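Shown next, in structure tokens, is the structure this report addresses.
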Amino acid sequence: MSEDISPTGTKTYLRLLRYVVGYWFPFSIGVFGLLLHSFAEIAFIDLLRYITDIVGVLTGSAVDSTSAPKSGVIGSLAQGIFGDKLVNESWLVIPLFLIMISAVRGIGYLIGTYFMAYVANYLVHALRTDLFNRYLLLPFKFFDQSMSGRLVSVVTFNVQQVTEAGTKAIKTVIQQGSLVILLMGYLFYVNWILTLFFIAVLPIIGLIVVKVSKRFRLISQNILSAMGDVTHVTQEAVQGYQEVRMFGAVKTERDRMSNASHDNRRQNMKMAFTGALSNPLIILIVSFAFAGVTGFMLNPIILDTMTTGSFIAFIVASGVLIKPIRQLTEVNSDIQRGIAAAESIFEVLDSEAETDQGTFETQVVAGGFEFSNVSFTYKGTKKEVLTAINIKVSPGETIALVGSSGSGKTSLVSLIPRFYNHEEGQILLDGVDVNEFSLTNLRK
């Protein structure tokens with residue numbers, strides 16, 4: 001494969017997202033569903049605020065126990081729909097809002113999950129067909145320089161890893177990211193001073209995520225390489241099972257598989273350890289902010305500015321904030337693993353296709369071949385495989401190429417359909433240089 005430096009993760013991810021853009025309509029519907037789900041989560045918290053204030057009015061513990069509370073989005077909405085008789089009708093209003101919010105939440109989850117899965121499966125299909133079609137156009141030297149098992153692994157395993165970054169990670173980022181933004185907005189709406197505690201820890205969380213991302217990317221590349229080795233060893237043992245038994249190589253192949261599998265296991269354990277360490281570290285930082293907020297809220301000055309419902313809603317929203325932040329940090333490993341896989345995929349897609357500068361075409365050939373002073377050297381080596389070969393084969397004539405293994409018989413025959421291009425001499429088919437034929441016509 002190409003030895004060029006891989007593009008940055010951002011460029012690779014943006015290029016990957018261009019595949020998703022091709023399915024923008026179902027993707028947009030999925031995003032709408034996820035956002036709907038996040039809004040419903042906030043509505044549940046605001047409903048809890050409203051319920052608490054209503055209970056305070058009904059029990060007479062509220063400061064103003066003569067009228068229904070109007071604070072919060074749900075309170076304002078209920079006031080606009082049902083008017084001033086909310087306290088007496090709370091047995092109807094609260095269950096009604098609860099059912100409505102649950103229905104919206106469920107519909108949003110259904111729409112978001114289904115359409116994101118729709119995009120994910122089409123993404124896998126598009127990448128696999130593009131890779132396979134590219135394999136059909138790449139020159140023979142590409143396959144000579146690459147292990148077949150790793151090329152198979154790119155189509156089977158790597159594409160699946162890309163799906164994690166291309167759609168599943170996006171789903172988590174949109175769903176949980178929008179929830180974090182909405183929760184922060186709601187907290188700011190309830191009490192902006194207390195919300196500053198959470199805003200203060202965001203730069204620290206961002207620094208940890210950046211450091212961990214680099215580690216995830218490196219380990220992900222090692223995992224893909226190790227998985228390619230496992231596929232390659234397995235493929236060789238299965239295809240060459242007769243040779244393995246005949247030449248007593250069972251123990252050798254067993255050791256090769258054991259080493260490849262152990263390497264894959266070690267890399268996955270490194271990934272698990274990094275994720276297991278970074279996740280609780282971020283949660284611990286958020287918990288410190290949550291603890292500070294809770295202690296500060298119990299200050300009498302702060303309590304005087306909040307209703308009981310506002311106090312409970314702020315505490316609940318602060319606690320709920322921890323879960324989406326945790327999930328956003330966990331998805332980082334999926335994104336980095338997907339980017340590493342995408343780089344290996346785009347490396348194949350960017351490889352130069354087989355060149356064809358021939359234009360001559362014919363429907364019928366007599367079959368006369370002539371090798372005139374043909375010499376050939378494989379690229380990357382200095383030793384000539386063929387030196388000044390001169391052979392003439394008349395139409396209908398049958399000849400045999402005899403020689404020891406590695407003497408150049410296969411190389412000689414491979415030059416006729418231009419699997420490889422010779423540097424010196426001429427190969428003529430019915431008097432026409434094979435380089436002048438179009439590849440499709442020559443090989444047909």
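Miscellaneous remarks
- Residue, farthest from SER287 (Cα to Cα), within the range 233-252, restricted to residues that are out of contact with any Asp or Glu (no Cβ under 8 Å at 6 or more places or on another chain) and at pLDDT 75 or above: VAL250
- Enumerated helices (runs of 4 or more DSSP H) restricted to the range 104-205, each holding at least 1 residues that are among the hydroxyl-bearing types (Ser, Thr, Tyr): 148-153, 159-163, 169-190
- Breaking point among (1) more than 22 Å from ALA126 (Cβ to Cβ); (2) in contact with a helix residue (DSSP H, G or I) (Cβ under 9 Å, 6 or more places away or on another chain), for GLU343: (1)
- Some residue of the range 341-357 being assigned to a strand (DSSP E or B), surrounded by 11 or more Cβ atoms within 10 Å (Cβ to Cβ) and of a type in the set (Ser, Thr, Tyr): no
- Yes/no for GLU397 being surrounded by fewer than 11 Cβ atoms within 10 Å (Cβ to Cβ) and of a type in the set (Asp, Glu): yes
- Selection from the range 136-171 of residues that are in contact with a helix residue (DSSP H, G or I) (Cβ under 7 Å, 6 or more places away or on another chain) and among the aromatic types (Phe, Trp, Tyr): PHE157
- Top-ranked residue in the range 39-56 [being under 19 Å from ILE181 (Cα atoms) and among the acidic types (Asp, Glu); ranked as surrounded by the fewest Cβ atoms within 10 Å (Cβ to Cβ)]: GLU41
- Residue satisfying condition, being surrounded by fewer than 16 Cβ atoms within 10 Å (Cβ to Cβ), within 27 Å of ILE301 (Cα to Cα) and at pLDDT below 75, within set LEU207, LEU202, LEU196: LEU202
- Residue in the range 418-431 that is touching a strand residue (DSSP E or B) at 6+ places or on another chain (Cβ under 8 Å), part of a loop (DSSP other than H, G, I, E, B) and aromatic (Phe, Trp, Tyr) present: yes
- Selected residue (criterion: farthest from PHE437 (Cα to Cα)) from residues of the range 364-386 that are among the polar types (S, T, N, Q) and surrounded by 13 or more Cβ atoms within 10 Å (Cβ to Cβ): THR377
- Some residue of the range 92-113 being farther than 21 Å from PHE39 by Cα, assigned by TED's automatic domain parsing to the domain that holds HIS37 and at pLDDT below 85: yes
- Any chance PHE288 is without any contact (Cβ under 8 Å) to a residue 60 or more places away in the chain and part of a helix (DSSP H, G or I): no
The values are calculated or read from the model by the stated rules, or taken from the named source; none is laboratory data. Since the structure is predicted, the reported quantities are computational estimates derived from the model, not experimental observations. Reconstructed Cβ throughout: ideal geometry from the backbone, glycine too, with neighbour counts over all protein chains shown.
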